[in-house]
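Below is one structure, written out as structure tokens; the observations come after it.
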Amino acid sequence: MSEPLVIVGQGMAAARLADELSARALGRYAIVVIGAEPFRAYNRVLLSSVLAGEIAAADIELKPSQWWEGRGVTNLYGSPVAGVDRNAKTVRLESGLELPYSKLVFATGSHPIRLPRPGMDLQGVMTFRTMGDVDAMLREAALGRRAAVIGGGLLGLEAAYGLAKAGVKVTLIHVVDRLMERQLDASAARLLAEAMRTKGVEVMLEAETDFIVGTDRAEGVALKNGIQIEADLVVCAVGVRPNADLARAAGLAVNRGIVVDDAMATSDADIFALGECAEHRGVAYGLVEPAYEQAKVLARRLTGDSRAAFAGSTLATNLKIAGVALFSAGDFNDAGREAIVFEDPAAGVYKKLVIEAGRLVGAVLFGDAVDGLWYQDLIRSGASIESIRDTLAFGQAASSLSEAA
């Protein structure tokens with residue numbers, strides 16, 4: 001008989017794990033995927049495109065119902081989990097239904113963070129994380145709301161761009177001196193700010209939120225420098241926190257996220273975790289690619305490959321914001337290191353490649369990210385770039401020709 005395997009979570013990590021398992025051992029497990037949201041797994045990366053009206057909500061569904069049915073996967077969405085009984089090895093839903101498991105996987109993702117500032121509970125203040133958030137923002141946008149987006153990281157930029165495309169007057173507020181400071185250097189961040197302004201987004205840097213103005217409903221954002229920004233829609237997009245609540249309540253080891261080893265196992269040998277809710281070697285990854293790598297490792301483990309191990313992932317960002325391709329990977333701090341910089345202002349292209357001891361250790365690309373994955377592979381492998389140093393900034397094709405010559 002098939003072993004009951006329950007995956008708690010209905011996101012991209014859960015869908016990839018179900019895919020990997022069905023490809024390796026169709027029929028070995030009776031898989032149940034449980035999600036709190038009233039949708040099948042969808043691509044969160046594309047939420048801003050739905051908000052901007054560039055694609056329809058239906059277009060971001062990862063797998064149709066026929067895919068799940070064809071692999072014998074039971075898909076329970078709109079079914080929040082109330083708790084896990086490790087002794088009885090059951091998962092209890094808020095509906096009262098109890099499901100047995102032989103193996104259990106947490107793929108519960110992250111919670112959006114709200115700033116601890118007065119007024120965050122007012123009507124018109126929301127986060128940007130789910131399809132439900134997008135629906136609420138679109139309803140507000142249809143009323144001609146003025147919006148303030150707090151946070152100049154990826155989520156904040158996507159929210160600001162999507163709202164601007166939807167016809168909303170948007171002010172983006174960021175507490176530090178440049179956008180996406182964890183992924184971009186100062187030059188690329190400046191170019192990104194300029195690109196956002198051309199899309200109709202006012203960008204305010206070194207602007208710290210003091211409180212949300214209003215009584216019952218948001219009327220604006222007051223900054224600590226005394227400036228007040230009028231807004232009846234406020235989006236707080238200052239980051240996410242691993243959703244480890246269920247695991248913590250079940251008595252599993254939890255730090256920032258659910259603690260896992262190289263096999264993605266938790267402190268309970270029959271319970272695993274992956275994706276944004278998991279913490280591996282002290283790192284909780286908030287990106288899609290590490291979650292997919294973890295899903296592959298876990299699927300191999302669950303199908304008998306005891307050698308499969310997740311050794312960590314090279315942090316990389318590969319995306320498009322405001323119509324501009326961006327990529328960063330590795331350590332792009334060039335202090336005490338060699339940096340190759342290529343700029344073409346007319347084409348809107350900027351590249352910075354950081355080299356240490358003859359090896360590529362970091363890369364930032366703006367406007368042209370075609371070779372991003374190639375640079376990422378060079379960083380991961382630690383291969384010498386001495387033979388292609390002169391052509392490195394021109395990408396893989398030029399460097400291949402250089403080596404051949």
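Things to note:
- Among the residues of the range 97-113, just one is over 26 Å from residue 303 (Cβ atoms), touching a residue at least 24 places away in the same chain (Cβ under 8 Å) and not in a strand (DSSP E or B), namely 113.
- Boolean, residue 369 is within 23 Å of residue 181 (Cα to Cα) and outside any helix (DSSP H, G or I): yes
- Residue match in the range 11-29 (condition: touching a Phe, Trp or Tyr at 6+ places or on another chain (Cβ under 9 Å) and farther than 27 Å from residue 305 by Cβ): no
- Filtered residues of the range 332-345 (kept if part of a loop (DSSP other than H, G, I, E, B) and over 30 Å from the mean Cα position of the chain (by Cα)): 336
- Pairs meeting the criteria (first residue in the range 150-175 and farther than 16 Å from residue 45 by Cβ and basic (Lys, Arg), second residue modelled with pLDDT of 95 or more and in a helix (DSSP H, G or I), beta carbons under 6 Å, at least 6 apart or on different chains) are lacking.
- Checked against (1) modelled with pLDDT under 95; (2) part of a loop (DSSP other than H, G, I, E, B); (3) closer than 30 Å to residue 297 by Cα, residue 167 meets all criteria but (3).
- In the range 37-83, residue nearest to residue 157 (Cα to Cα) [restricted to those that are in a helix (DSSP H, G or I) and in contact with a Gly (Cβ under 9 Å, 6 or more places away or on another chain)]: 48
- A residue that is within 26 Å of residue 251 (Cβ to Cβ) and not β-branched (Val, Ile, Thr) occurs nowhere in the range 61-75.
- Which listed residue is farther than 23 Å from residue 208 by Cβ, under 19 Å from the mean Cα position of the chain (by Cα) and buried (at least 23 other Cβ atoms within 10 Å of the Cβ), from 132, 151, 162, 156: 162
- Being under 24 Å from the mean Cα position of the chain (by Cα) and in contact (Cβ under 8 Å) with a residue 40 or more places away in the chain is a property that residue 329 has.
- The lone criterion from (1) surrounded by fewer than 19 Cβ atoms within 10 Å (Cβ to Cβ); (2) under 23 Å from residue 80 (Cβ atoms) left unmet by residue 23 is number (2).
- Every residue from the range 384-395 that is outside any helix (DSSP H, G or I) and either in contact with a strand residue (DSSP E or B) (Cβ under 7 Å, 6 or more places away or on another chain) or modelled with pLDDT of 95 or more (or both): 384, 385
- Residue that is surrounded by the fewest Cβ atoms within 10 Å (Cβ to Cβ), among those in the range 195-228 that are acidic (Asp, Glu) and closer than 13 Å to residue 146 by Cβ: 202
- Any hit, the range 172-192, residues being within 26 Å of residue 35 (Cβ to Cβ), out of contact with any Cys (no Cβ under 8 Å at 6 or more places or on another chain), of a type in the set (D, E, K, R) and surrounded by 18 or more Cβ atoms within 10 Å (Cβ to Cβ): no
- Of all the listed residues (308, 363, 291, 357), the sole one being at pLDDT 95 or above, among the small types (Gly, Ala, Ser) and assigned by TED's automatic domain parsing to the domain that holds residue 107 is 291.
- The set of residues in the range 288-331 being assigned to a strand (DSSP E or B) and either farther than 23 Å from residue 366 by Cβ or not aromatic (Phe, Trp, Tyr) (or both) consists of 316, 317, 318, 319, 320, 321, 324, 325, 326, 328, 329, 330.
- Matching residues, the range 316-343, being among the acidic types (Asp, Glu) and under 30 Å from residue 170 (Cα atoms): 343
- The residues in the range 1-19 that are farther than 12 Å from residue 74 by Cα and assigned to a loop (DSSP other than H, G, I, E, B) can be counted, and the count is 4.
- Positions within the range 218-268 being part of a strand (DSSP E or B), under 19 Å from residue 13 (Cβ atoms) and not β-branched (Val, Ile, Thr), in sequence order: 241, 242, 265
The values are calculated or read from the model by the stated rules, or taken from the named source; none is laboratory data. Treat the numbers as computed from the prediction; the structure is a model and nothing was measured. Backbone-built Cβ (ideal geometry, glycine too); neighbour counts: all protein chains shown.
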